[in-house]
Amino acid sequence: MKSQTITYITLVLASVLMLANGAAANTPEAQGFAIAARSDRSDLGFGASKVELQMIMRNAAGQQSTRTLLISTLEKQDESVGDKSLVLFDTPRDIEGTALLSHARIMDPDDQWLYLPALKRVKRISSSNKSGPFVGSEFAFEDFTALELNKFDYRFIGTESCGDLQCDVVERLPRYQNSGYLRQVAWVDQTDFQLRKVEFYDRRGDLLKVLELGDYRQYANGVWRAHRLSMRNVQTNKQTELLYDNYVFDVDLTERDFVKGRLSRLR
Amino acid sequence: MLMTANRALSMLFLGLGLVLSGAWTLADEPSWDLSANIDLTSRLFTEEARWPGQEARDSQFSAAARAELRWRNEDGNQRASIVPLLRFDEADHERSLLDLQEAYWAWETDGFELLIGANTVFWGVTESLHLVDIINQTDAVADIDGEDKLGQPMVNLAVQRDWGLVSFYALPYFRERTFAGDKGRLRTPLPVDTTNPEFESAAGSRHVDFALRYSHYIGNVDIGLSLFRGTGREPRLQPGADGLSLQPYYDQIGQLGLDLQYTGDAWLWKLEAIARQGSASTFAAAVGGFEYTRYQVGESALDIGLLLEYQYDGRDDTEPATIADNDFFLGARLAFNDTQDTAVLAGVGYDVHTGENYINVEADRRLGQNVVLELKARFFGGASATDTTYSIASDDYLQLQLSRYF
């Protein structure tokens, strides 16, 4: 008898919760968050990864310069803490061996250390420069580091076709300080739940940059990765293309590979 | 036997292939990396040489070549490196040099790393002076800023734990400081004769020095604690037997060092302090200050950093001379954040007690993909005949350097 009562109460509670959830899911904010969360979580559970990145920068006159980097990432399971990442530069040759270690955090500034191989010097650097260009590219620091789900508030705008696919369109509002953006608009496809395009609006609300993501590939562990990211600054007509290659997921990386004492031992 | 030879040969070719293609690999195969650079440097002195014996010409050319060969094994737990540096100066042969900046093998396991061979190590946080940094000898003729170093032979055991990094060093061979020769600029009135240095220790340059360092961070604070026991890297300069030169004398010293940095939003607060048991006394010295950065000035990509540091040194005349005893350094750092990595660092140093001062400008920019152009300007002023910097007061110079990377 007693257990039946408990079962009954549980059922009622569950229905109430479902109703509450359903009601919440009807607000554009909850819908937006749900879409972003589904997209974000479809890429999680990779543990650790390494990838080679070629960064091609073109100015309005078409002049081109290239950088190559190796990026290692250690995933944090808990969405309330950020991932740890290590960027090691290979070219241009004069900055070969330069490395940037980041411990991402959600609302607080990230912890970052820079390694300068010419002096063998490890420097703790301020990460408050979110909106500044990352190594001369059209990508800002925050475009790399602000990929954590909880760094934004979301609002569902509508659906729209994007290429061959159908996309949910979601507005993202940065919750962290020092962002260079008033808002962003993201297109997430309804088939694989991947990000296809992002518009970045500056602090005045004018369109600043458009990011297009392509060449998505799904790996054995189920996660998707875009291999071509193209960022165009519509105000200056400068462009940066990121080409990712050789993703490796079954890498033996631990917390100890992402400490500052490691920076002088990378090569 | 034949199999082994074949295998060795194919390994060699594989290695060569990787080297030639400039390949770098992710894991699971040995990786090799070869890179190099050549620097052509021209110095233009704006005043005539002051001391007898110095080259009368106002220009000085030098060339340097540096190669880096690096290896990492299949498992990624062993690595080795060879980095020779060759420098030739046409006016001052004391500036010509062959040095092994790195030549080591290292083995790593479970948070331990053992490194044997020559290497360069940097300790510290401040910009205008590097007080705590002591492992490597300064290549003082390369640049007077003290940031160029000579490779130091060592056995280094590093232990990484959650609570920080502990690094122990045994330094079995001492490297002597470089000094400008008879014909060179930027020297003492009497040249330093480096052929016959004196040591407090009977073991001379074979005295084994020891050092220990702990470094970690807690939130926004990075901390380093260090201990050094052995041959001091700074020599005292005493009159030579011939009366025409100075002779370096290297004391045995003990030094305790502390470096601290607090990283706030746009503010970096820095402190380095040492206590040193020197030749005849024990003294303290410190340098501290801040770096404040304004990002994206006027909505451009330009970042401007403002640096202010104060240098104190309590040493007396029995210790090697220093210019950084009661000085302010005010500097500005400009980072253009462009694809060419254009950067400028300009600063002024001022001795509160003597009025000696210097102006220092460094600017560099990449041209194309593989060439870097660097401009340096150094001006000295305010020194009277009894001051430390009087000997280089006529050696203001502009330096242009072109570096090609391979």
Exercise. Could you name every residue in segment B:357-406 that has 30 Å² or more less accessible surface in the full protein assembly than in its own chain alone (probe 1.4 Å, ligands and nucleic acids excluded)?
Key: B:366, B:369, B:405
Practice problem: Note the per residue figure in Å³ for the convex hull of the C-alpha positions in segment A:2-265. | Solution: 167 Å³
Quiz item: Each label point is 7 Å from the Cα along the Cα-to-Cβ direction; what then is the distance between the points at residue B:173 and residue A:61, in nm?
Solution: 5.1 nm
Exercise. With a probe of 1.4 Å, find how much accessible area the protein assembly as shown has per residue, and write the answer as a whole number in Å².
Key: 46 Å²
Quiz item: When the scattering of segment B:2-405 is computed by the Debye formula from its Cα atoms alone, each counted once and equally, what is log10 I(q)/I(0) at q = 0.13 Å⁻¹?
Solution: -1.38
Self-check item: Heavy-atom accessible surface that A and B bury in contact, both chains counted, 1.4 Å, Å² to 100
Solution: 4300 Å²
Quiz item: For the protein assembly as shown, what class follows from the C-alpha gyration tensor (a ≥ b ≥ c being the square roots of its eigenvalues): rounded when a/c is under 1.5, otherwise prolate if a/b is larger than b/c, else oblate?
Solution: prolate
Exercise. Treat every Asp and Glu Cβ in segment B:193-308 as -1 and every Lys and Arg Cβ as +1, leave all other atoms uncharged, and give the resulting dipole magnitude about the Cα centre to the nearest 20 debye.
Key: 300 debye
Practice problem: Enter the angle in degrees (range 0 to 90, nearest 10) between the Cα long axis of helix B:2-20 and the first principal axis of the Cα atoms of chain B, meaning the one along which they spread out most. | Solution: 50 degrees
Quiz item: Which FRET efficiency, nearest 0.05, do residue A:29 and residue B:318 yield, Cβ-Cβ r, R0 60 Å?
Solution: 0.25
Quiz item: Efficiency by 1/(1 + (r/R0)^6): what FRET value for residue B:406 and residue B:196, r their Cβ-Cβ distance, R0 = 41 Å, to the nearest 0.05?
Solution: 0.55
Quiz item: What whole number of Å gives the distance from the Cα centroid of segment B:91-166 to the Cα centroid of segment A:215-267?
Solution: 31 Å
Quiz item: Modelled label-to-label distance, residue B:258 and residue B:59, 7 Å Cα→beta-carbon offset: nm?
Solution: 5.1 nm
Practice problem: Report the label-to-label distance for residue A:161 and residue B:145 in nanometres (one decimal), using points 7 Å from each Cα along the Cα→Cβ vector. | Solution: 5.9 nm
Quiz item: In terms of Cα to Cα distance under 21 Å, which lysines are near enough to residue A:151, apart from those fewer than 8 places away along the same chain?
Solution: A:76, A:84, A:130, A:197, A:209
Practice problem: Quote the relative contact order of segment B:2-405 in percent (integer), defining contacts as alpha-carbon pairs under 8 Å separated by 6+ residues. | Solution: 12 percent
Quiz item: Expressed as a whole percentage, what fraction of the accessible surface of chain A belongs to carbon and sulfur atoms when a 1.4 Å probe is rolled over the protein heavy atoms?
Solution: 53 percent
Quiz item: Got a sec? Which residues of segment A:54-74 lose 10 Å² or more of accessible surface with every protein chain in place, vs. that chain alone, 1.4 Å probe?
Solution: A:57, A:65, A:66, A:67, A:70
Self-check item: Per residue convex hull volume, Cα atoms of segment B:97-230, in Å³
Solution: 121 Å³
Quiz prompt | chymotrypsin sites (Phe, Trp or Tyr not before Pro) restricted to DSSP loop in segment B:140-186 with at most 15 other C-beta within 10 Å | solution = B:163, B:173
Exercise. Kindly state, to the nearest 0.05, the FRET efficiency for residue B:238 paired with residue B:38, given R0 = 45 Å and r defined as their beta-carbon distance.
Key: 0.70
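The values are calculated or read from the model by the stated rules, or taken from the named source; none is laboratory data. All values derive from a computational prediction rather than experimental measurement. So basically every Cβ, Gly included, is an ideal-geometry build from the backbone, and we count neighbours across all protein chains shown. Surface areas here come from the heavy atoms of the whole protein model, side chains and all, with no ligands, DNA or RNA. Shrake-Rupley method; radii C 1.70, N 1.55, O 1.52, S 1.80 Å.
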